[in-house]
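> Sharing a structure, written as structure tokens. Questions coming.
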Amino acid sequence: MSRRFWLNLILLLVVVVLVLVIGYQPKPGNSTQPLFVTAAYQASDIRIQRMGKADIHIQRQQNEWQLLEPGFAPVNSERIKLLLTVLQEPVIATYNPEGKDLSAFGLDPGKIKLTINEEEATFGSTNPVTLNRYILKNRKIYTIREIVYGVLGTSVTSFLTHRLLPEGTSVIEVEAPALLSHLSGTVWRQMEARDIADMTGDETILGKVKLTVQSSDIKQEKHLIELGIIAIKPLLVLGRSDLQVKYTFDLRMEPGGSLQIINKRNEENE
């Protein structure tokens, strides 16, 4: 082969490399740059928006995380710790989105939008080669490792504890059918289920319990919680349609015929 052929081949390879560099513009030395500025200890407000699913709004109140949307409920702190690891997740590469089709990155529309305090990030698809996740934030496209996306996409149930109400919540008023009317506000406040699960949508509601509660934070906001009675014996199963979760409680029949709740925490201590 002639010298001209090899020279043209080298020039062609140089052009291809330049096109790739100009097209994607990854920033060198950014592997230690975190995706978020907010540190985990500073996080106090979390919003998760998912296509086709209920939005989730979680706030930290007096060092305890509480669910505010789609309903008022206590939150599993370990789940939040896992979610907040995204704050220090290092950026692997940065791309300029100008002139690019965001839908090719799964970012138009985005699959999930995560807002922590005031910082907003949209999660797209994964790179088919590296399996890193595309993120749109501050008008830049980033890639990070696939760490918390699965947590963000799960049901509300996965963020909850087995407690029916957050610690310190006051029960102001109870409306319940006769079989459960003897249970005081204190009992409802302390109730802890043996199991929680997603509602399937085909549950039959036998009756309803309405709890008017007040949070223990500075705002002391009131919340109305409606519980559908799905089963009474041998286990008490209560469902919350706003959260699409059902709680299963152990029961004990007292000599007088009244039902008493056996809390999970009390049962473990016996």
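The values are calculated or read from the model by the stated rules, or taken from the named source; none is laboratory data. These numbers come from a predicted model, not from an experiment. Glycine also receives a Cβ, built like all others from the backbone with ideal geometry; neighbour counts cover every protein chain displayed.
Residue-by-condition table, conditions (1) among the charged types (D, E, K, R); (2) closer than 24 Å to D45 by Cα; (3) in contact (Cβ under 8 Å) with a residue 40 or more places away in the chain:
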site: K100; (1), (2), (3): yes, no, yes
site: A104; (1), (2), (3): no, no, no
site: K113; (1), (2), (3): yes, yes, yes
site: A121; (1), (2), (3): no, yes, yes
site: T126; (1), (2), (3): no, no, no
site: Y134; (1), (2), (3): no, yes, no
site: T143; (1), (2), (3): no, yes, yes
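> Check T122, T85, T94, T38 and return the single one that is surrounded by 14 or more Cβ atoms within 10 Å (Cβ to Cβ), within 18 Å of Y149 (Cα to Cα) and more than 11 Å from the chain's Cα centre (by Cα). Spell out the reasoning first.
On the way: T85 fails: surrounded by 14 or more Cβ atoms within 10 Å (Cβ to Cβ); T94 fails: within 18 Å of Y149 (Cα to Cα); T38 fails: within 18 Å of Y149 (Cα to Cα).
After ruling out the rest, the residue left standing is T122.
> Considering only residues of the stretch 46-74 that are aliphatic (A, V, I, L, M) and closer than 25 Å to M191 by Cβ, which is nearest to the chain's Cα centre (by Cα)?
Residues of the stretch 46-74 aliphatic (A, V, I, L, M): 46, 48, 51, 54, 56, 58, 67-68, 73.
The next check asks that each one be closer than 25 Å to M191 by Cβ; those that pass are 54, 56, 58, 67-68, 73.
On the way: A54: 10, I56: 6, I58: 8, L67: 10, L68: 12, A73: 13 Å.
Step by step, filter the stretch 46-74, then rank; the result is I56.
> Does R60 count as closer than 30 Å to S170 by Cα, at pLDDT 90 or above and among the basic types (K, R)?
Working: closer than 30 Å to S170 by Cα: yes; at pLDDT 90 or above: yes; among the basic types (K, R): yes.
Yes.
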